[in-house]
Amino acid sequence: MAKNDTTAATRLTPALARAGFTSSFGVLAATLGSAVGLGNIWKFPYLTGANGGAGFLLVYVLATVLVALPVMMAEISLGRAGKANPITTLQTLAPKGQPWWLMGVAGMLAAFLILSFYSEVVAWVFAYVVKAASGAILSSDPQVTEAAFGALISDPLQSLLWQWGVLAFIGGILLLGVTKGIEAITKKLMPILLLLLVLLCAVSLSLDKAVQGLAFLFQPDFSKITASVVLTAMGLAFFKLSIGMGTMMTYGSYFRDDQNIPLTTVRVMAADVCISMLAGIAIFPAVFTFGFAPTAGPALVFITIPAVFSQIPMGQALMVVFFVLASIAATGAMLSLMEVPVAILHERMGWSRPKATLLTMGLLVLLGSTSALSNSTLADFKLAGMTPFDLFDFVSSNILLPVGGIFIALFVGWVWGFEKFSRSLTNHGQLHNHRVARAVFFLLRYVSPALILMVMLKGLKVF
Ligand code: PFF
């Protein structure tokens, strides 16, 4: 593709065009917008609950710092150097004839799989705005909140319609080209979500069995850390930072040349971990106080959050606000996911953005519907013992993202090389990040690929 016919800003999504990233804070906020989503509010608490609590949390934090963070720096550096969608970027940066661009294709596949189940969880969050407003779920009785959630997910029509509504909403944002506006709103509203989470933590910490909840979250029981727990924790680390599939490479292509990549990624990572921690502190004391099961699975947040809100004045109104803000955070993450296939189809196939968006939406309606029906019509339709919802989640987080991470690390460590990587992290020697560059490069070249591969093989019981 001719690289000089348009600026990077016009080739890429109007929403994320470089014009939008005029400040260092803008870059940080946009990257955070992708990272912070239902991975923090929904996935982190339910996986922590299902995998034994503190031990899982510890492995997750280690995986985030030692594996995911270096891969994030690598991905963003590559994106900034290539200034295009992941396939084109990898073609530009790799030696002629080497098929590293296939990573971009795998990333697109991962984006489809993630969107197929993520859109259903977003659908539940949207539906909960209405349920919260009706007052029907404001209760600390597990039977009431579980029945409300069960009624939603086991109703095929409701599940499908909410999901299609979400897809139409996201598609509409993309088609109307108002992504930038939505992101500006997200940026303004996220601090309120943070405040609400802090409030929920305070309420939860005042509950009877708060200590038990905190012990579950922070006192590791090492016997619970199995190989599959480690793999799940690592997959979560990748998922939460939106890495291993090209999203951060795409974001990197919008990064300013004077942006400090290590500093930005560390900030995003720290904020992302902190927000998850808040979600955990808001939820687990309530789980133990009201008698919910920590192992409730994907339902966990939806059944416990109403119980916490039931303890405070104006709980119903605040819960509506919470789910509206969660919907907005989820919308930001979904838009960043959509960006991968839409940008690839647009730039590689030469389709217009509306056409690329419509095709992506169409495929998602088909594939996503199998997720939406996983708790009703298709509950008995299992592949490898999993419903389509669980399968898409498992394959993307525990296989595709880690494999993407391995190849990104290998590419930077063995093909792109230290010099270019170091120049990227130091902005051509202007920043004092030399030591960081050396350490991260060492991790990428030797540690990350081997470690990720080992965790995967063990976790998947290959040996
Ligand atoms: N990081 C997002 C979350 O935690 O909700 C999910 C996500 C967004 C994953 C974008 C992957 C991605 F490319």
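The values are calculated or read from the model by the stated rules, or taken from the named source; none is laboratory data. The model shown is predicted, which means the values in this text are computed figures rather than measured ones. Here the Cβ positions follow ideal geometry from the backbone for every residue, glycine too, while neighbour counts run over all protein chains shown. Remember, those area values only see protein heavy atoms, side chains included, never the ligands or the DNA or RNA. Shrake-Rupley method; radii C 1.70, N 1.55, O 1.52, S 1.80 Å.
A few points about this structure:
- Full extension of the segment from Thr295 to Leu457, taken as 0.36 nm per residue of separation minus the current Cα-Cα distance, would add 55.8 nm.
- Label-point gap, in nm, between Lys96 and Phe381 - each point 7 angstrom along Cα→Cβ: 4.8
- Percent RCO, i.e. relative contact order, over segment 94-219, from Cα pairs under 8 Å lying at least 6 residues apart: 20
- For segment 171-186, Karplus couplings with θ = phi - 60° (6.51, -1.76, 1.60), whole Hz, Gly/Pro x: x, x, 4, 5, 5, 7, x, 10, 4, 4, x, 4, 5, 5, 5, 4
- All lysines inside 23 Å of Lys420 as judged from Cα atoms, apart from same-chain residues fewer than 8 positions distant: Lys3, Lys83, Lys96
- The value of relative contact order for the chain, using C-alpha pairs under 8 Å at least six residues apart, is 32 percent.
- Solvent exposure ordering (accessible area, 1.4 Å, most first) of His428, His346: His428, His346
- Against the chain, whose longest principal axis is taken from its Cα atoms, helix 448-459 shows a tilt of about 40°.
- Cα Rg over Rh - segment 378-463, Kirkwood: 1.19
- Accessible-area value, Phe284, 1.4 Å probe, nucleic acids and ligands omitted, Å²: 0
- Loop-resident trypsin sites (Lys or Arg not before Pro) (DSSP state other than H, G, I, E or B) in segment 45-133 with no more than 16 further Cβ atoms inside 10 Å of their Cβ: Lys96.
- Taking all protein chains together and a 1.4 Å probe, the residues Val266, Val67 rank Val266, Val67 from largest to smallest accessible area.
- Accessible surface for segment 232-318, divided over its residues, is 24 Å² per residue with a 1.4 Å probe.
- Note on exposure: Cys274, Cys201 ranked by accessible area (1.4 Å probe, complete protein assembly) read Cys274, Cys201, with the most exposed listed first.
- Evaluated on the chain, the Kirkwood hydrodynamic radius is 22.2 Å, with distances taken between all distinct Cα atoms.
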